[in-house]
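Notes for the one structure printed next.
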Amino acid sequence: MNEIDIVRTEGSWRADFRYDYDTKELVKSYGWKWRANEKEWSTTDSSIALALAKAIDDQSTVERIEEIEKLQGIADKEAFVMSSAKEPANGVRVWSPEGLEFKQYQMAFFDWYRQRQANRPSLPSLLLADEMGTGKTIMSAGLFTQISEQKANGDQSRFLVICTAGMKILWEREVRKWCKELSVIKIKGTKILDYLPTENVVVINYDLVIHHRPWIDQIADKYGWDLIICDEAHYLKNPKAKRTSAILGGRVNNGNRNEFRLDKRIPSIGGGKLFLTGTPLVNRPVELWPILKECDPDGLGENWQRFVRRYCGAYKGRYGWDTSGATNLEELQVKLRSSIMIRRRTNEVLDQLPAIQRQAIVLPENGNAGLVQAEWEAFNNHEQVLKELEDIRTNKDGDMDALVRTLGDRQQTAFAELAKYRKLVGLAKRDHVIEHCKNVIDSRGKVVLFAWHKDVVTALVEGLQEFNPVRLTGADSQTSRQASVDSFQDDKTVKVIILNLEAGGVGITLTGTEQAGFCTSVVFSELDWRPSIMQQAERRVARLGADESATNILVHHVVLDGSLDATISNRLIDKQNVIDQAIN
């Protein structure tokens, strides 16, 4: 019989042991389940963990489990159980538009939200912390529809979505897709609007809220916000930041305007805020404080000093409070799940997810409209030259050789012009791509990042230095290429590899390892027009026969709205999804 170590993980228990038959049978006999995807024995039932701990006479683990059970007994047990639910209670179904359907765990979220609203009517703000790739935007849109249907006397519903600039278009599209009866408007620029919108859903990015705060308050006073979504809520982790003050209250200096005090929260009459984040902030407890103060002002968010002492191991040093630590995390996890938070990880709902999820992250033009137009003009010019070449080959009239030479020169010039603008578009997206990759790394770990142009690869490497990036391009030697692959595969500090699509799209494996962390995320900052090249690039992570822990792959195309890549992305995603369905 080998030694068994019972380990607490996020929302469950894990039994670690060196395999032998007798040890496995003992663990199995107490009700532990083998999770093939994770290659581990685990249980979410504390009583099962406690029984095994007593059987192997592990007194310290027995005491830990009993302490957690005590906390759960004090807390809202129903909420705690629902906070990790993968299917709705009693098979409840939620209406969805024709041709669309919510997944079981998404419907479980609606159950949880209703239960929390009923049990905490005076504290309507909550935290949806499902991991990236589970569809938090879709779940939020589902709430919009449900809340709208519950409005009395046919009153118009009002929703405010606060997100990053790069996600505004995605929010607009998902609301239109999942909320057929609701209208949506995106707010652009800092100029204060002189009218109140008739649309149901207002989408605004964080950096604009401070400029439009009086307008937002006007809508709140006249109609009331039924629900306010704060997407990527880790953007509110700094209580002194201007964006946090503008949304959650505080003193801010609004640029060149006179300073004004925001000493109240944005009113949310008949509703509250729903904070969305896939980043596990519980590992950095101090970053939760602004959200806790809003969601749980009489509990975890009641007293800052008490919170940071208990959960950040805070102490007062020479330069003030050091709150960088993380302590009593099991207790914090229980209290969060028993009050304000629901969190499901992708590996917990793998049976409900496709093997590969592809999504276009469409960025607003943000002053790049002229660049996008120039790219299209270069593309159309190149296509026209190719058409003329094809016509000459077909007709074979006149001095064909001379015409082909002339058009060949024009084609090279046109292609060089197109390549120039495609590179400029790639460079224009740099900051957004970097920010997006940071969010993916925080939520899912290692990332494979593809680009086409060498200058774009270099710019991305420079911008992601905090993640110890490695690169692979056609200009690198074979020795250097292999060193980059080995570092990404085996070094847990190397969080991102940045590759040229042509040089890095074939012949290498980038799945990561159990020791250094698996990779389940692919980001394309630039695209190839050929589906086969894109598929080969995806397969560097989604390798056939790779470890089952990497069975849910997230693929993101980061594109500028209206650009050539945006058009390519739509066609590639549609075509590849059809192929995937056809071959299962």
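Within the range 362-381, none of the residues are hydrophobic (A, V, I, L, M, F, W, C), in a loop (DSSP other than H, G, I, E, B) and either buried (at least 19 other Cβ atoms within 10 Å of the Cβ) or in the same structural domain as residue 522 (by TED's automatic domain parsing) (or both). Of all residues in the range 173-201, which are in contact with a strand residue (DSSP E or B) (Cβ under 9 Å, 6 or more places away or on another chain) and of a type in the set (S, T, N, Q)? Answer for the range 173-201, where residues must be in contact with a strand residue (DSSP E or B) (Cβ under 9 Å, 6 or more places away or on another chain) and of a type in the set (S, T, N, Q): 183, 198, 200.
When residue 461 is tested against the conditions (1) modelled with pLDDT under 95; (2) in contact with a Lys or Arg (Cβ under 8 Å, 6 or more places away or on another chain), the lone failure is (1).
Residues being β-branched (Val, Ile, Thr) and touching an Asp or Glu at 6+ places or on another chain (Cβ under 8 Å): count how many of those fall in the range 459-516.
Residues of the range 459-516 β-branched (Val, Ile, Thr): 461, 470, 473, 479, 485, 493-494, 496-498, 506, 508-509, 511, 513.
Those left that are additionally touching an Asp or Glu at 6+ places or on another chain (Cβ under 8 Å): 511, 513.
Selection size over the range 459-516: 2.
Contact annotation: no residue pair with Cβ atoms under 7 Å, 6 or more positions apart or on different chains, pairs a residue in the range 352-381 that is farther than 30 Å from residue 104 by Cβ and hydroxyl-bearing (Ser, Thr, Tyr) with a partner that is crowded, with 17+ Cβ neighbours inside 10 Å and at pLDDT 90 or above.
Taking the stated definitions as given, is residue 494 assigned to a loop (DSSP other than H, G, I, E, B) and closer than 21 Å to residue 430 by Cβ? It is true that residue 494 is assigned to a loop (DSSP other than H, G, I, E, B) and closer than 21 Å to residue 430 by Cβ. When residue 195 is tested against (1) more than 23 Å from residue 439 (Cβ to Cβ); (2) touching a residue at least 12 places away in the same chain (Cβ under 8 Å), just one condition goes unmet, and that condition is (2). Summed over the range 162-175, the residues that are outside any helix (DSSP H, G or I), of a type in the set (A, V, I, L, M, F, W, C) and under 21 Å from residue 566 (Cβ atoms) give a count of 1. Restricting 506, 522, 461 to residues that are β-branched (Val, Ile, Thr), in the same structural domain as residue 564 (by TED's automatic domain parsing) and touching a Pro at 6+ places or on another chain (Cβ under 7 Å) narrows the list to 461. Only a single item in (1) surrounded by fewer than 20 Cβ atoms within 10 Å (Cβ to Cβ); (2) free of Cβ contacts under 8 Å to residues at least 40 places away in the same chain; (3) under 24 Å from residue 554 (Cβ atoms); (4) not aliphatic (A, V, I, L, M) is not met by residue 445, and it is number (2). Restricting the first member to the range 292-319 and to residues that are more than 20 Å from residue 127 (Cα to Cα), and the second to residues that are exposed (fewer than 11 other Cβ atoms within 10 Å of the Cβ), no beta-carbon pair is closer than 6 Å while six or more apart or on different chains.
Within the range 448-462, work out how many residues are within 11 Å of residue 427 (Cβ to Cβ) and either outside any helix (DSSP H, G or I) or without any contact (Cβ under 8 Å) to a residue 40 or more places away in the chain (or both). Going through the range 448-462 one residue at a time, the tally reaches 5. Restricted to the range 511-527, and to residues there that are more than 25 Å from residue 566 (Cβ to Cβ) and either modelled with pLDDT of 90 or more or of a type outside the set (A, V, I, L, M) (or both), the residue that is surrounded by the most Cβ atoms within 10 Å (Cβ to Cβ) is 519. Inspect the range 141-149 for any residue being without any contact (Cβ under 8 Å) to a residue 60 or more places away in the chain, touching a Phe, Trp or Tyr at 6+ places or on another chain (Cβ under 7 Å), under 29 Å from residue 434 (Cβ atoms) and not in a loop (DSSP other than H, G, I, E, B) and give the result as yes or no. Yes.
If the requirement is being over 28 Å from residue 163 (Cβ atoms), outside the structural domain of residue 8 (by TED's automatic domain parsing), hydrophobic (A, V, I, L, M, F, W, C) and surrounded by 15 or more Cβ atoms within 10 Å (Cβ to Cβ), which of these qualifies: 385, 286? Working first, answer last.
Working: 286 fails: over 28 Å from residue 163 (Cβ atoms).
Exactly one residue qualifies, and that residue is 385.
Here residue 123 fulfils each of the conditions (1) surrounded by 21 or more Cβ atoms within 10 Å (Cβ to Cβ); (2) assigned to a loop (DSSP other than H, G, I, E, B); (3) touching a strand residue (DSSP E or B) at 6+ places or on another chain (Cβ under 9 Å) apart from (1). Restricting attention to the range 225-240, the residues being under 20 Å from the mean Cα position of the chain (by Cα) and of a type outside the set (S, T, N, Q) number 10.
The values are calculated or read from the model by the stated rules, or taken from the named source; none is laboratory data. Predicted model only: the values in this text are computed from it and were never measured. Virtual Cβ from ideal backbone geometry, glycine too; neighbours counted across all protein chains shown.
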